[in-house]
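Visitor: Here you go, one structure.
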Amino acid sequence: MRLIHVLKSNQEQATAAWIDHLKNLRIEDMIQQLARQDKNFENALQQLNELKIFIGDPEHILGSYLTKHGEIAEHVQVRFCNADKLLVGKAANHTFEGVGRTAMEDYLRNGKMIQSKFYNGEKGTFNAIVTHLKSYPYFIKKGGSYDIPRDQYESLIDIYNRGQTARSSLSRSEENLFKHMIVWEKEQDVKICDVVHPTQVDYKDVQLKVVDKTVKDKETKIEQKNEGIKDRIKDQHKPSMQEGLQATALAEGLEGGITFCIKVYEKRKAGRKLSEFTTNDWKEVGIDTAKGTTKGAIRGSSVFAMTNFLNSPAPVANSLVTATFGVVSLARKLENNQITKEEFTMNSEVVCLEVGTSALSAMLGQTLIPIPVLGAIVGNTVGMLMLEISRNYLDSDEQQLIQEYVTKMSDLDNKYVEEYSRLLKEIQNKEHKFNSLVELAFDKDVNKAFYSSVALALSEGVDEGMILKDLNDIDSYFN
């Protein structure tokens, strides 16, 4: 029967160890994802640092002071887009590699040629697109497209859409621009929205005097987005109801199955063959199995809650559940007068000793054998067998020595409790006296405050010769 007891204890610790293993897997995955996100964030900031270096040396930027924003816009778009991609763990899709500084394209996006046009006003920008395409007629046919300021793109598309649906709302200049776009689309056999795209910034954002702020604002957005991503990762790795249900189902199956096997084994050991089992035998097996399944559900949900929400070690959590089952069972027997109070106390101590040994052994086993579940089972088996050996082979002298030691520790504990109570009361009295003297020392009545200050100084151990106790002492001190 002790072997069955060890088997049952192993099953319980195995359940707890597996629940703890699932928790550790979830935490490890969270740590790995957070580490990857930190690297993503670092890569994104590196793009912005490259941009800072570029705009930090205006003399090397093409154009005059009024036109340098053209090349600045190219670098802003490339670095901003790459930073956004890298932040979420994707590959950068914008590059200057393989692109000449004065080539017909300014940069590549997903391997496609992009020409950036940043002129003052949507009309000027659109005319620049028309002029560029005349110089490079095959640019669009080879997959090229144009990036323009975000605000100008929105304005162009608005004019284009209103020209199609509400033409009367267009001003004269907007009407002319709309006609220009329609003619250009027919000549090139394209749709403007297919070959013209908005950048991440407006025209004003890339001017030399404000681009530093533009980069700083982008950096702030990147930091905020990174924190949001990390918060989502943490939320995704919190204990979930689904995981709790899985832990409960696992415990139900294991505990119910083990209970079934043990009950059948007991009847077989008694000499009864399976074919000889009566209806009552199977009913008894079924009832015990149902009880085991219920206990398993309680154990699974409880261990899951304690390990995930209270951060209790799994062996300790499992042992608390086992101890609760054991003590509750003994309490029912006591209520039904099946056992005496002395037996209840003694058996409760035995239960707590067993579960304590089980918890400690499982924790040590898991530490020495860091393999999920296996370490807990091996440790628990060794601990429970050692406990059984101790029970069987400790002679009366050794047991008496242990009892004397326990009694001595109990007496010493009581002595310390009494000493602690005495010291605590003494401290409280002195503290009350001190607080009273302090209160009087600051009384509005000057005379009362003076003599109370003297009493306070004496109570705190100040040398009496250094205290001014009356008017004569005060006169002597100042003369």
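Visitor: Report the one residue of 137, 93, 161 whose Cα lies farthest in the direction of the positive end of the charge dipole of segment 69-163 (charges on C-beta: Lys and Arg +1, Asp and Glu -1; origin at the Cα centre).
Guide: Positive-end residue among those listed: 137.
Visitor: Might you report the magnitude of the Cβ-based charge dipole of segment 166-206 about its Cα centre, with Lys and Arg at +1 and Asp and Glu at -1, to the nearest 20 debye? Can you show the working numbers first?
Guide: Values: 6 positive and 8 negative charges, 40 e Å.
Charge dipole of segment 166-206: 200 debye, to the nearest 20.
Visitor: Still on this structure: With 22 Å as the cut-off, how large is the P(r) tail for segment 143-235, expressed as percent of Cα-Cα pairs?
Guide: Of all Cα-Cα pairs in segment 143-235, 50 percent lie more than 22 Å apart.
Visitor: How many nm separate the modelled label positions at residue 246 and residue 336, each set 7 Å beyond the Cα in the direction of the Cβ?
Guide: Once both label points are built, they end up 3.9 nm from each other.
Visitor: In square angstrom, what is the accessible area per residue of segment 186-230 with a 1.4 angstrom probe? Walk me through the numbers on the way to the answer.
Guide: Values: 2680 Å² over 45 residues.
With the other protein chains kept in place, segment 186-230 gives 59 Å² per residue.
Visitor: A further question on this structure: Given labels modelled 7 Å from the Cα in the Cβ direction, how far is it in nm from residue 30 to residue 142?
Guide: Output for this residue pair reads 5.3 nm.
Visitor: Mind checking segment 39-105 for trypsin sites (Lys or Arg not before Pro) that DSSP puts in a loop (not H, G, I, E or B) and that have at most 12 other Cβ atoms within 10 Å?
Guide: Values: sites: 39, 52, 68, 79, 85, 90, 101; in loops: 68, 90, 101.
In loop regions of segment 39-105 (DSSP not H, G, I, E or B), the sparsely surrounded trypsin sites (Lys or Arg not before Pro) are 90, 101.
Visitor: Taking 0.36 nm per residue of separation and subtracting the Cα-Cα distance, what length does fully extending residue 120 through residue 420 add?
Guide: On the way: separation 300, 0.36 × 300 = 108.00 nm, distance 8.39 nm.
Length difference between fully extended and current span is 99.6 nm.
Visitor: Oh, and also: Measuring from label point to label point, each 7 Å out along Cα→Cβ, what is the residue 167 to residue 134 span in nm?
Guide: Distance between the two pseudo-spin positions: 2.6 nm.
Visitor: Tell me the per residue accessible area of segment 23-91 using a 1.4 Å probe; a whole number in Å² is fine. Could the numbers behind the result be given before it?
Guide: Details: 3550 Å² over 69 residues.
With the other protein chains kept in place, segment 23-91 gives 51 Å² per residue.
Visitor: Let me ask something else. Going by average Cβ density within 10 Å per residue, which order do the peptides 118-126, 174-182, 189-197 take, highest to lowest? Numbers along the way, then the final one.
Guide: Numbers: 118-126: 18.8, 174-182: 16.7, 189-197: 14.4.
Packing proxy ranking, top to bottom: 118-126, 174-182, 189-197.
Visitor: Within the set of other residues whose C-beta is less than 13 Å from the C-beta of residue 149, count the net charge using Lys and Arg as +1 and Asp and Glu as -1. Before the final figure, lay out the partial values.
Guide: Values: positive: 117, 123, 150, 204; negative: 74, 122, 147, 151, 154, 202, 205.
Computed value for this residue: -3.
Visitor: So, one more: In whole percent, how big is the carbon plus sulfur part of the accessible area of segment 65-196, probe 1.4 Å, protein atoms only? It would help to have the intermediate numbers written out before the result.
Guide: Values: 3340 of 6800 Å².
Accessible surface attributable to carbon and sulfur in segment 65-196 totals 49 percent.
Visitor: Hey, with R₀ at 45 Å, roughly what FRET efficiency would residue 188 and residue 232 work out to, going by the Cβ-Cβ distance, to 0.05? Present the calculation step by step, with values, prior to reporting the outcome.
Guide: Values: r = 44 Å, r/R0 = 0.97.
After rounding, the FRET efficiency stands at 0.55.
The values are calculated or read from the model by the stated rules, or taken from the named source; none is laboratory data. Bear in mind that the values here come from a model prediction, so they are computed numbers and not experimental data. Cβ: placed from backbone, ideal geometry, glycine included. Neighbour counts: every protein chain shown. For the accessible areas, the whole protein counts, side chains as well, though only heavy atoms, and no ligand, DNA or RNA atoms are used. Shrake-Rupley method; radii C 1.70, N 1.55, O 1.52, S 1.80 Å.
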